[in-house]
Amino acid sequence: MPKTILSRKNEFIRKILRLSGSAEYRRERGLYFLEGARLCADAAVSGVNIRALLYTERAANKYREYLSPVFASAGEVYLVGPQVAQALSCTKTPQGIFCVCKLPEGHVRSCKMAMPGTYLALENLQDPANMGTILRTTEALGIGGVLLGGNCCDLYSPKVLRASMGAVFRLPIFTEKNLPAALLELKRRGFVTAAAVPDATALPVTEMDFSVPCVLAVGNEGNGLTGETRGACSVEIFIPMKGRAESLNVSAAAAILAWEMMKNRAGGAAG
C-alpha cells in the first residue's frame, strides 16, 4: 500500500526538489531525480536502482503499462496529489510519474574502454540539452560508449536525462578529468584518436578510416577542443560544408560524426 503525500511542503518533497535543482546536492546524497512515464520505465527496465516512485492517481490509470516495471523495482512507493506533482514537475503538463534513483558508484575510467571499439569523447560540454541529445544519438547509431573529459555538465541533471531519452542508462559512459592524458594512453593502447575541428585544412571526416578502433573528440560549444587535447590526438578531422555557415551546433556536428564513424561498420555495432 503506497504512502500518501498531499502537501508540497512535505520534507521528502523538499529534498526531491533540491535533487532536481542542484548537482552538488545530487553528489552529496548519491541520488538523482527522474520525471516522466517512459523515462522512469526505461530506468526500471535498465536495472537502475530506484529508491522511490511517486505517482498520481491519474497517472496510475493513464500510464499503467509504463508503471508496471517501476512498481516492481521501486524500494518505496508514494501516491501524491496533483499539487505535489505540479511542484515536482519541470513541465507545464506533468505526467505525474517521478523517481528517485541511486547514482552509480564512482566513475568508470577510460582504461575500461574495450578494444576494438568506436567511441566519442566530449570535452567541457556545458549545455545539458546538447549532452542529452548527443548521448541519445550515439546510442541509436551504435557507438560503443562516450568518454566525458574535463568539466562537462552534470550527467544526471534533469535536462540531460530528459534529452537523452534513457540513453544515460544504457550507454557505457567513461569519465576523465585530464582528457589529453587519457587520449595519449588510448593511443598507446592502439586506438586512433581524432580531434574534430572547424578547420578546412584538416582531413575531411568522409576520408577518415573508422574501421579501426578509434576515439573521436568533440569540444565545448563555444571554444571547441583545447589545444592540449588537439595535440594529444593522432589526426584532426573536419565536416565539409558547402553553405556559408562557419560551424554547426555541437549536437548536430556530433550526430554527423557519429554517423560517419558507424556507417561502414559491419552490423552497425561498435563492439
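Taking the stretch 79-102 as the range and being crowded, with 21+ Cβ neighbours inside 10 Å, more than 15 Å from Y32 (Cα to Cα) and either among the polar types (S, T, N, Q) or in contact with a Gly (Cβ under 8 Å, 6 or more places away or on another chain) (or both) as the test, the residues that pass are V80, A85, Q95. Filtering the stretch 48-78 to residues that are surrounded by fewer than 19 Cβ atoms within 10 Å (Cβ to Cβ) and touching a residue at least 60 places away in the same chain (Cβ under 8 Å) leaves E76, V77.
Does the stretch 193-238 hold any residues that are over 23 Å from the mean Cα position of the chain (by Cα), among the hydroxyl-bearing types (S, T, Y) and part of a strand (DSSP E or B), and which are they? Once the filter is applied, which keeps residues that are over 23 Å from the mean Cα position of the chain (by Cα), among the hydroxyl-bearing types (S, T, Y) and part of a strand (DSSP E or B), the stretch 193-238 yields nothing. Consider the stretch 161-192 and keep the residues that are assigned to a helix (DSSP H, G or I) and of a type in the set (G, A, S). The one that is farthest from P128 (Cα to Cα) is A181. Does A182 qualify as being surrounded by fewer than 20 Cβ atoms within 10 Å (Cβ to Cβ), of a type in the set (G, A, S), in contact with a Phe, Trp or Tyr (Cβ under 9 Å, 6 or more places away or on another chain) and at negative phi? So A182 does not fit the description; no. Among the residues of the stretch 79-121, which ones are within 30 Å of F210 (Cα to Cα) and either free of Cβ contacts under 8 Å to residues at least 60 places away in the same chain or touching a helix residue (DSSP H, G or I) at 6+ places or on another chain (Cβ under 6 Å) (or both)? S110, T118, L120 - these are the residues of the stretch 79-121 that are within 30 Å of F210 (Cα to Cα) and either free of Cβ contacts under 8 Å to residues at least 60 places away in the same chain or touching a helix residue (DSSP H, G or I) at 6+ places or on another chain (Cβ under 6 Å) (or both). Scanning the stretch 223-249 for residues that are in contact (Cβ under 8 Å) with a residue 60 or more places away in the chain and over 19 Å from A181 (Cβ atoms) gives N223, N249. The set of residues in the stretch 140-173 that are among the small types (G, A, S), within 20 Å of Y32 (Cα to Cα) and touching a Ser or Thr at 6+ places or on another chain (Cβ under 6 Å) contains only A163. Which ones in the stretch 126-147 are crowded, with 23+ Cβ neighbours inside 10 Å and aliphatic (A, V, I, L, M)? Passing the criteria: M131, I134, L135, I143, V146, L147.
Quick check: is even one residue across the stretch 99-113 over 26 Å from E139 (Cα atoms) and in contact with a strand residue (DSSP E or B) (Cβ under 9 Å, 6 or more places away or on another chain)? No, there is no match, as no residue in the stretch 99-113 is over 26 Å from E139 (Cα atoms) and in contact with a strand residue (DSSP E or B) (Cβ under 9 Å, 6 or more places away or on another chain).
Of the residues L203, L184, L135, the single one that is touching a strand residue (DSSP E or B) at 6+ places or on another chain (Cβ under 6 Å) and either closer than 20 Å to G36 by Cα or aliphatic (A, V, I, L, M) (or both) is L203. No other residue among A59, A52 is among the small types (G, A, S) and in a helix (DSSP H, G or I) apart from A59.
None of the figures in this text is laboratory data; all of them are computed from the coordinates on show. Predicted model, so just to flag it, every value in this text is computed and none were measured. Neighbour counts are summed over all protein chains in view; Cβ atoms, including those assigned to glycine, are modelled from backbone coordinates with ideal geometry.
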